[in-house]
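Values in this text are rule-based calculations from the coordinates and carry no lab data. These numbers were taken from a predicted model, which means no experiment stands behind them. Here Cβ is always computed from backbone atoms with ideal geometry, including for glycine, and neighbour counts include all displayed protein chains.
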Amino acid sequence: MNIWRPQQHIQVKALGLVWRNGLLLASEIYLDDGTATGVRPLGGRLEFGETWRDALVREFKEELGVVVEVTGKPLVLENIYTHQGVVGHEVTFVSDLVFPEDAHAGLDSIEYFEDNGERCVARWYDVEQLDCGDLELYPKGLKAQLQAREKSKLP
């Protein structure tokens with residue numbers, strides 16, 4: 001396991017919301033001791049000159065080998081956080097994706113590798129069970145945004 005610390009400049013990221021049977025695909029975030037502290041939707045940093053939409057498609061192709069379609073307008077979250085005593089700052093575009101139905105079908109977890117070779121695991125999570133004590137949903141505030149979005153869809 002690699003020890004990760006936030007970079008000391010503002011990061012711009014794009015994260016994709018992939019849903020299957022009401023569950024969200026999210027990657028585990030670990031503390032230095034290997035304890036999972038939370039999860040976040042998959043995605044990554046924007047490269048210079050790249051739109052958030054293009055970055056999201058690229059990240060899913062690189063990490064999971066799937067071609068996704070970005071749908072709708074993004075939620076935009078600014079996140080100033082502390083991880084292992086180091087402050088990080090990011091602006092994140094979060095959007096729903098159309099994920100190929102046959103991609104990773106039947107799997108409860110998906111193993112993939114980051115650019116640096118780090119092994120990562122993504123699983124399907126019930127968002128309502130996150131931020132309730134054990135695992136947090138990152139970026140902070142995403143759960144509230146998703147809940148507000150669901151409430152606005154009600155008649």
Exercise. Please get the size of the charge dipole for the chain, origin at its Cα centre, with Cβ charges of +1 on Lys and Arg and -1 on Asp and Glu, quoted in debye to the nearest 20.
Key: 560
Quiz item: If you wrap a convex hull around the Cα atoms of region 1-135, how much volume per residue is inside, in Å³?
Solution: 120
Exercise. Would you look at the GNM of the chain, springs on alpha carbons closer than 10 Å, and say which of Asp108, Asp131, Asp54 moves the most?
Key: Asp108
Quiz item: What ratio of Cα Rg to 2.2 N^0.38 Å holds for region 98-142?
Solution: 1.41
